[in-house]
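Undergrad: One structure, pasted below without further comment.
The values are calculated or read from the model by the stated rules, or taken from the named source; none is laboratory data. Since the structure is predicted, the reported quantities are computational estimates derived from the model, not experimental observations. With ideal geometry, Cβ positions are generated from the backbone for all residues, glycine too; neighbour counts draw on all protein chains shown. Remember, those area values only see protein heavy atoms, side chains included, never the ligands or the DNA or RNA. Shrake-Rupley method; radii C 1.70, N 1.55, O 1.52, S 1.80 Å.
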Amino acid sequence: MILLLVLQLLVSCLRVSEGQPPVPGIIIFGDSTVDVGNNNNLLTLVKANFPPYGRDFLDHSPTGRFSNGKLAIDLTIDYLGFTSYPPAYLDKEASGDDLLNGANFASASSGFLDSTATLYRAVSLTQQLRYYKEYQAKVERIAGKAKAAELFAGSIYVLSTGSSDFLQNYYINPLLRLVYSTDQFSDLLLLQSFTKFVQNLYSLGARRIGVTSLPPVGCLPASITLFGGLGRGCVGRLNDDAVAFNRKLNAAAEALKRSHQGLKLVVLDIYNPFLNIVHNPEDNGFVQVRKACCGTGTLETSLLCNAASLGTCSNATEYMFWDSFHLTESANVILADALLLQGIELIS
């Protein structure tokens, strides 16, 4: 906690003036962990724009965020001193000056692989990048090329994805498992999709990129329900896969930094902070870390987590998980603290 306060003081010192964040904008890509409403406007079943989602958000209304309140990325943006969040790019109201502090292109159930997004009619990472190019043209028209170039070069770019590739594609697709071992599947995600994505972002002016690691996916309530054994604890083999993937992710990031001059690329470890909550719930203020708040807490997410879901908890602050895949705001606070500590290089 003391270290976090020191870091927050450092962030404050980096601001040019009162209320001025240390970077001009935040630009976000990925999946449901950072989606703030893009899926609201898609023909997909993967949505969160209905109660009880958002019941503890700013106006107690659903926004499309997969939580009861703020996401970790929202809280990180708060820490950096922004007074508003980058809008969901597909929101009809995302226009004009609203786009000058960044934009959010993330889509729930997207992944590193375009085929993962296709399964759920989500916006693929490739399409998110196309939207970003479209966004760049809009910003140039609004602010002029010089100011736009400053925004593109100085902003922090965040990529948070990968869990859907495993949980909603690889682990439930016998054909994929027949063709690829988990090690080969990780290489497919990283050597093709991730590396290509970062190279494309770099060519479009991005120089400060943070990419989150995989969490311990075997500890998600849905994973325990679908893949767990009689013990009903975290599924070890899934966590082992995540650890192996994260090791490869770090290696891929180091290779990209060596080959791209001026690139700040930070792998933001969420695996260990996440696992620390699971193993030490009381130390982190939680009562329940195995089941989610919504419904029975074992499998409900998206449409299954709704106002009629029986058993939804009254106090989400005691729960690590909001639905069977996603964290409560209370857990996201802890992740945001970790993101801020690890990402200081991106704002210095």
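Undergrad: Using helices alone, what [θ] at 222 nm do you get for the chain, with -39,500 (n - 2.57) per DSSP H run of 4 or more residues, divided over all residues and rounded to the nearest 500? Please list the in-between numbers first.
TA: Details: 14 runs with 140 residues, N = 348.
It comes out at -12000 deg cm²/dmol, rounded to the nearest 500.
Undergrad: Within the accessible area of the chain, what % is carbon and sulfur when the probe is 1.4 Å and the other protein chains stay in place?
TA: Using a 1.4 Å probe with all protein chains present, the chain comes out at 55 percent carbon and sulfur.
Undergrad: Another question about this same structure. Plugging the Kirkwood radius over Cα pairs into Stokes-Einstein for segment 169-210, at a temperature of 10 °C and a viscosity of 1.306 mPa s, what D comes out in µm²/s? Walk me through the intermediate numbers first.
TA: Details: Rh = 11.8 Å.
Rounded, D is 135 µm²/s.
Undergrad: While we're looking at this one, here's another question. What percent do you get for the relative contact order of segment 53-174 when only Cα pairs under 8 Å and 6+ apart count?
TA: 17
Undergrad: What would the Debye formula give as log10 I(q)/I(0) at q = 0.22, 0.26 Å⁻¹ for the alpha-carbon point model of segment 262-330, no solvent?
TA: -0.88, -1.10
Undergrad: Could I ask something else about it? Mind pulling the per residue volume of the convex hull built on the Cα atoms of segment 198-346? Å³ is fine.
TA: Dividing the Cα hull volume of segment 198-346 by its residue count gives 127 Å³.
Undergrad: Can you tally the net charge around residue 84? Count Lys and Arg as +1, Asp and Glu as -1, for every other residue whose Cβ sits under 11 Å from the Cβ of residue 84.
TA: Working: positive: none; negative: 74, 78, 97, 98.
Computed value for this residue: -4.
Undergrad: Right, another one. How large is the accessible surface per residue of the chain, computed with a 1.4 Å probe and reported in Å² as a whole number?
TA: For the chain, the solvent-accessible area averages 43 Å² per residue.
Undergrad: Could you quote the convex hull projected area for segment 130-261, Cα atoms only and averaged over all directions, in nm²?
TA: Averaged projected hull area, Cα only: 9.5 nm².
Undergrad: Taking segment 30-124, which trypsin sites (Lys or Arg not before Pro) meet the DSSP loop condition and have no more than 12 other C-beta atoms within 10 Å?
TA: Values: sites: 47, 55, 65, 70, 92, 121; in loops: 47, 55, 65, 70, 92, 121.
Within segment 30-124, the qualifying trypsin sites (Lys or Arg not before Pro) (loop, at most 12 other Cβ atoms within 10 Å) are 92.
Undergrad: Translational diffusion coefficient, Stokes-Einstein: compute it for segment 121-171 using the Kirkwood radius over C-alpha pairs as Rh, at 20 °C and 1.002 mPa s, and state it as an integer in µm² s⁻¹.
TA: Calculated translational D: 165 µm²/s.
Undergrad: OK, next. Toward the positive end of the charge dipole of the chain, about the Cα centre and with charges on Cβ (Lys, Arg +1; Asp, Glu -1), which of 109, 319, 153 goes farthest?
TA: The Cα lying farthest towards the positive end belongs to 153.
Undergrad: Using the Kirkwood radius over Cα pairs, work out the Stokes-Einstein diffusion coefficient for the chain at 10 °C and 1.306 mPa s, in µm²/s as a whole number.
TA: Working: Rh = 20.3 Å.
Stokes-Einstein gives a translational diffusion coefficient of 78 µm²/s.
Undergrad: Of the trypsin sites (Lys or Arg not before Pro) in segment 205-301, which ones lie in a loop per DSSP and count no more than 14 other C-beta atoms within 10 Å?
TA: 232
Undergrad: Sticking with this structure for a sec: Once you list every other residue whose beta carbon is under 12 Å from the beta carbon of residue 246, what net charge do they have if Lys and Arg are +1 and Asp and Glu are -1?
TA: So the environment of residue 246 carries a net charge of -1.
Undergrad: Between beta-carbons, use under 15 Å as the cut-off and find the net charge around residue 259, counting Lys and Arg +1, Asp and Glu -1. Present the calculation step by step, with values, prior to reporting the outcome.
TA: Values: positive: 196, 207, 257, 258, 264; negative: 254.
That sum, taken over residues with Cβ under 15 Å, equals +4.
Undergrad: Compute the relative contact order of the chain as a whole-number percentage, counting only Cα pairs closer than 8 Å that sit 6 or more residues apart in sequence.
TA: 19
Undergrad: Tell me the Kirkwood radius of segment 20-70: reciprocal of the mean inverse pair distance over distinct alpha-carbon atoms, in Å.
TA: Computed over Cα pairs of segment 20-70, the Kirkwood hydrodynamic radius comes out at 11.8 Å.
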